[in-house]
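Accompanying notes for the structure given below.
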Amino acid sequence: MKTYQLSKVTPAAYERLLKRPAVSNGSSNVTVNRILTDIKKSGLKEAMKYARRFGEINDNEIKVTQKEISESGKNLSPQLKKAIKTAYRNIYAFHLKQKPCGYAVATMPGVLCKRDFRPIESVGLYIPGGSAVLFSSLLMLAIPAKIAGCKRIAVFSPAKENVISDELLYTAGVCGIKEFYKIGGVQAIGLMAYGDKNIPKVDKIFGPGNKYVTLAKSIVSIDPEGCAIDMPAGPSEVLVIADKFADPAFVAADMLSQAEHGSDSQAVLITIGNKTGGKVIKELETQAEKLDRKKEIKNSLKSSLILQAENIEEALKFSNRYAPEHLILNLRDADKYLKDVSNAGSVFTGEYSPESAGDYASGANHSLPTYGYARSYSGVTVEQFMKSITFQKLTYKGLKTISECVITMAEAEKLQAHAAAVKVRLKK
């Protein structure tokens, strides 16, 4: 890992430090576009062809049966089943408070404007299933969808030789999922976005994925025949700000928990002063040797950084420019700096708040904006599974009161029919 002193880097170097590792190239674009185009034309048949080519499935049935879901708990330990249910309760409790309420305002006598919320009717949830099957992601997506009241919740996840892990199936049962397909990657995104006579398209796609899935989501989101997505995103990331009081073992553990997600994940450490960084590097080396995912960690740390800041204000300035998915404030009196955080997906405050708590069971959502999108996007919430509709009702008195305003503005814009729609009513 390279170390830089923030106060001494040039403006150009500072900008380079803010950039994430590249996640796609021209060949990726061509491949993803070709797969999506084929699925758009031929639906499930073409999706199955690609799924077989990539070793996902070996038969013609990709829909998970309710029997598979109901029997999945037989092979799981009581401790894991209890943990999943505990996480479910915490996530549900936190997200239930997010359900928005409508309101009405009488802007003038006889002019009533209302705003109300409706669930998105059909949503697709993508659950990654590569080297690590993230069944926790199903909790993070299905629970807010349920609270929002979505009528159709369809889950898509990669299978290994036509098999979905018992952990993921059991979680689906806990969440009450009735529609689950054993297919992942770009082909799953294509099926969700364009549909098929057997699998209707969804209105919005949620869930993280690798660079190909991320690219596919971006493409279908700008295709008029595609569908909406939760957010643009890239590989997972964490930024840790640590002062001299931070335990180097804690800091290293947080960075490694991010690095093990994959080779394209990034962990950034900002130390206050120059003494903490060396201790953290030693801890990284010691702790990494005990972990299984050494290859992913090694590759991730190649693009990770240690930055030295002269004070917390300088560290937070960089963090707000970087806009991390996860921000860990391992600081003494960390609470007093929360007001200074303007861009972050989720913030973990104090030495006993590891990112892994939020990844699994604290209650907040772990599906968050990455790649700097936290400057303009929020993490997944109940509101994202809903949309708002505005309503207006005018009485004759209300229309008469507002008529001069509307007619004057319409005529100023040279839209005579707009003005006439008011005038014709007043004449009656």
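Details
- Legend: calculated FRET efficiency, ALA12 to LEU80, from the Cβ-Cβ distance at R0 = 56 Å, rounded to 0.05, equals 0.65.
- In the chain, the longest principal axis of the Cα atoms and the axis of helix 211-221 are about 10 degrees apart.
- Isotropically averaged projected area of region 29-72, using the convex hull of Cα atoms (one quarter of hull area), nm²: 4.0 nm²
- At most 14 other Cβ within 10 Å, DSSP loop - chymotrypsin sites (Phe, Trp or Tyr not before Pro), region 331-383: TYR352
- Normalised by 2.2 N^0.38 Å, where N is the number of residues, the alpha-carbon radius of gyration of region 26-233 equals 1.11.
- In the calculated pair-distance distribution of region 80-121, the portion above 15 angstrom amounts to 65 percent of the Cα-Cα pairs.
- Cα-based convex hull volume of region 345-428 per residue, rounded to whole Å³: 204 Å³
- Axis angle, to the nearest 10 degrees, between helix 166-175 and the longest C-alpha principal axis of the chain: 30 degrees.
- Over all orientations, the chain has a Cα convex hull whose mean projected area works out to 26.6 square nanometres.
- Degrees between helix 135-148 axis and first principal axis of the chain (Cα, 0 to 90, nearest 10): 20 degrees
- Annotation note: GluC sites (Glu not before Pro) in region 160-234 located in DSSP loop regions with a Cβ neighbour count of at most 14 within 10 Å are GLU161, GLU225.
- Förster radius 60 Å - calculated FRET efficiency between LYS197 and GLU285, Cβ distance, rounded to 0.05: 0.60
- Förster radius 35 Å - calculated FRET efficiency between ARG89 and GLU61 (Cβ-Cβ, nearest 0.05): 0.55
- Normalised alpha carbon radius of gyration of region 25-111 [divisor 2.2 N^0.38 Å]: 1.95
Every number in this text was worked out from the coordinates using simple rules, so none of it is lab data. A quick note: this is a predicted structure, and the numbers were derived from the prediction, not measured. When we count neighbours, we look across all protein chains shown, and the Cβ atoms used for this are built from the backbone with ideal geometry, even at glycine.
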